[in-house]
Amino acid sequence: MTIDMTETNNAEKAIPAVSAVEISGLNKWFDEFHVLKDIELSVSEKEIIVICGPSGSGKSTFIRCINHLETYQEGTISIFGQPLDNPKTAQGIIRDNVGMLFQSFNLFPHLTIIKNCTLGPIWLRRIPEAKAIEQSMALLDRVGIADLAEKFPGQISGGQQQRVAIARSLAMEPRIMLFDEPTSALDPEMIKEVLDVMVDLAESGMTMMCVTHEMQFAHEVADRVIFMTDGEIVEMGPPEQVLKNPKWDRTQQFLQHVLSHKS
Amino acid sequence: MDEQTTAKTELLKFVPKPDRPPIVISHGIAGWLKKHLFGGFWNTLLTIAVFTLLYLLIKPFLDWAVINAVWSAANRRECMTVSPDGACWAGVIRWFNNLIYGRYPDLLQWRVNLGFGIGIIWALPLALKRLKGKLQIGVAGVVLYPFVAAYIFLGGERGDFHYLVFCLGLAYLILLYIDVALVHTRGKKLSQVFDRYLEPIFGKRSAVASFILIMALITVLCLYIFRGVELEYVSIEFWGGLFLTVIISGFSITMALPIGIMLALGRRSTMPVLRWFSIATIELVRSVPMITVLFMSVTMMPLFFPNTMDLNKLAQVIIAVCVFAGAYMAETVRGGLQSIPKGQFDAAMSIGLGYWQTMFLIILPQALRAMIPNIVTSFISLFKDTTLVSIIGLFDIMLMARNISIDKNWFGLHSEPLVAISVLFFVFCYGMSQYSQRLERKLNTSR
């Protein structure tokens, strides 16, 4: 894996325009059901993409494909120019480059917060335990919950759990972060604390792809907003354009629903 | 005017009320009795009915087992003349030694005690909090201890390999206790004390190297000390009683979990051949009575092994019981695996953990924790089921108990030995159940 990494790094220096995520002709079926239809997308490094759309539109499936949690039948996905065709190498490419957050946090309930964070560094990156703990404590401090390090996930609030999940992902030093509705399972007061951390991440130059219904976040942080429905990318552009002047009636309709609900 | 508006817009500062300790309600013993046993007419009636029933059931048993019982007599006839309605414990007491050790020679029974003593001593450090690397101790125990115990139980000329492993096991045990002492005084294991001297030679591997060197040293020492000692040979035919029961069930309880985990993972695997094999094994073994498996192990298993291999009955039975217990355990473990939400797999994958790491670091610790009651239930029933080996002629505690009734002095003494071994089984099984509940409580506090 280390060899692959250096190769990409060199390639990047030579051609700075290599995109962080390159998706072409992506098609996926669940049995007969066509979930993703001809998805084309190129995300450059440090770009913030927000994906929105009605439920069942395939946006979660789409983002899970990028992390190789779902298989797909057609098309290619490349991370920093390395295609994920081979399942054997895909796992390594993902591990070295991509982190992911889930709606239900998915912390490991049998491990303390700090052990949740150091598990990856210790077992996969072979970092000595003391150093891994030090790094993870710094990350927990960054997301504002260093004092909870010895607690178990069941003992802290949802917002805190999601921030731990962010720290756990960051401990693997990813260059791309994927978010699958990270605030959907949270109370209003907790949504903000998680969004603050995400804004902070965005400002630090992380490449982010985020499935969310937080239109305020999309408006303030996103470079591009994607609207998906029925497995297709219908609309894509700067937040001003997609959120204020959508081209399609379906987008307009969806936005009205989301905005009226929020206010 | 200005003052009034500021007073109106200024918000009250919220200060939470101070906590109060919870109210403790106590009525004393009389109050408790009134509340729980005699609260109301029907409740009182029920209490009285239950106690009457208990009295009617327990009284005759106590009369038989304690009040009218005979504790010392030369034979059953004497018992009958002294007290025809009482239990004749004299027979059980006379045979007690055989119930525990089977037909193991009286003078050599200290070897059985020594063997099990070593096992207990080996397991004790696992309860220590400050000792690290318990998995290693456990695995070493599972691998080495059977050889050590077999060496002591069997005796006789055991060959160089067995002697070497025996000494290796003893060396590990000695090193374990040196480590326990050092960890509690210096906070370091013996191998950690020496590894800095070895660092120039072995570099990063110095910790492993110093461990191996120390082990080798103690092993050679053991080899030297015990070189002339030869224990008298006791054939497996003479093993029996509780001793044999504990060997068979101990072995199969230890092996059931690993076998079960492997079969359960195999059954959930995406590799078809592995999955078919696991399903076939589990379903085949589960749908056949244990007695059949035991009979087949004795009559059919030799067909599958080369003629030169000397399989004894005990080994065959242990293999059969292990496979049987493993198949049942597999379904228990599979139930545990299914209770783990899919999100845990997603999270483990997204960190980059591979299949085995995901299973052993994330999924199995949670699944097994959720399954402790079921696993211990399997263990307990396995422990009791091993009495079935008496049917194929192994003199386990069950067959020893039934043998008492055909002894010419104690002819027809059926109930007393069975009651006695029931008490023994209860002690063991209740112990296991209590231990599992303690384990559950301990693991639950960390949630």
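Summary of values
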| quantity | calculated |
| --- | --- |
| So A:MET236, is it more than 18 Å from A:PRO54 (Cβ to Cβ), over 15 Å from the mean Cα position of the chain (by Cα), open to solvent by 20 Å² or more (accessible area, probe 1.4 Å) and among the aliphatic types (A, V, I, L, M) | no |
| Residue match in segment A:130-145 (condition: within 19 Å of the chain's Cα centre (by Cα) and either within 13 Å of chain B (Cβ to nearest Cβ) or assigned to a strand (DSSP E or B) (or both)) | no |
| Yes/no for A:ILE166 being open to solvent by 10 Å² or more (accessible area, probe 1.4 Å) and either in a helix (DSSP H, G or I) or within 23 Å of A:LEU69 (Cβ to Cβ) (or both) | no |
| Entirely in segment B:179-270, the helices (runs of 4 or more DSSP H) that have 1 or more residues that are assigned by TED's automatic domain parsing to the domain that holds B:ILE372 and touching a residue at least 40 places away in the same chain (Cβ under 8 Å) | B:241-268 |
| Any hit, segment A:118-129, residues being out of contact with any strand residue (DSSP E or B) (no Cβ under 8 Å at 6 or more places or on another chain), more than 14 Å from chain B (Cβ to nearest Cβ) and charged (D, E, K, R) | no |
| Residue that is surrounded by the most Cβ atoms within 10 Å (Cβ to Cβ) [pool: residues in segment B:270-296 that are small (Gly, Ala, Ser) and out of contact with any helix residue (DSSP H, G or I) (no Cβ under 8 Å at 6 or more places or on another chain)] | B:ALA280 |
| Selection within segment B:388-417 - hydrophobic (A, V, I, L, M, F, W, C) and open to solvent by 70 Å² or more (accessible area, probe 1.4 Å) | B:ILE391, B:ILE406, B:PHE411 |
| Of residues in segment B:328-357 being away from chain A (no Cβ under 14 Å) and surrounded by fewer than 24 Cβ atoms within 10 Å (Cβ to Cβ), the one farthest from B:ALA256 (Cα to Cα) | B:GLN338 |
| Residues (open to solvent by 10 Å² or more (accessible area, probe 1.4 Å) and either at the interface with chain A (Cβ under 10 Å from one of its Cβ atoms) or assigned to a helix (DSSP H, G or I) (or both)) located in segment B:365-375 | B:PRO365, B:GLN366, B:LEU368, B:ARG369, B:ALA370, B:ILE372, B:PRO373, B:ASN374, B:ILE375 |
| Tally of residues being surrounded by fewer than 22 Cβ atoms within 10 Å (Cβ to Cβ), touching a residue at least 24 places away in the same chain (Cβ under 8 Å) and at the interface with chain B (Cβ under 10 Å from one of its Cβ atoms) across segment A:71-96 | 1 |
| So B:VAL293, is it of a type in the set (Val, Ile, Thr) and under 25 Å from the mean Cα position of the chain (by Cα) | yes |
| Answer residue from segment B:398-447, given it is part of a loop (DSSP other than H, G, I, E, B) and within 20 Å of B:ALA90 (Cα to Cα) and is farthest from the other protein chains (Cβ to nearest Cβ) among those | B:PHE411 |
| In segment B:376-397, the residues that are among the acidic types (Asp, Glu) and in a helix (DSSP H, G or I) | B:ASP385 |
| Residue match in segment B:327-345 (condition: in the same structural domain as B:ARG267 (by TED's automatic domain parsing), more than 26 Å from the chain's Cα centre (by Cα) and among the hydrophobic types (A, V, I, L, M, F, W, C)) | yes |
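The values are calculated or read from the model by the stated rules, or taken from the named source; none is laboratory data. Model, not experiment: these values are computed from the prediction. FYI the Cβ positions are ideal-geometry reconstructions off the backbone, even for glycines, and counts take in every protein chain you see. For the accessible areas, the whole protein counts, side chains as well, though only heavy atoms, and no ligand, DNA or RNA atoms are used. Shrake-Rupley method; radii C 1.70, N 1.55, O 1.52, S 1.80 Å.
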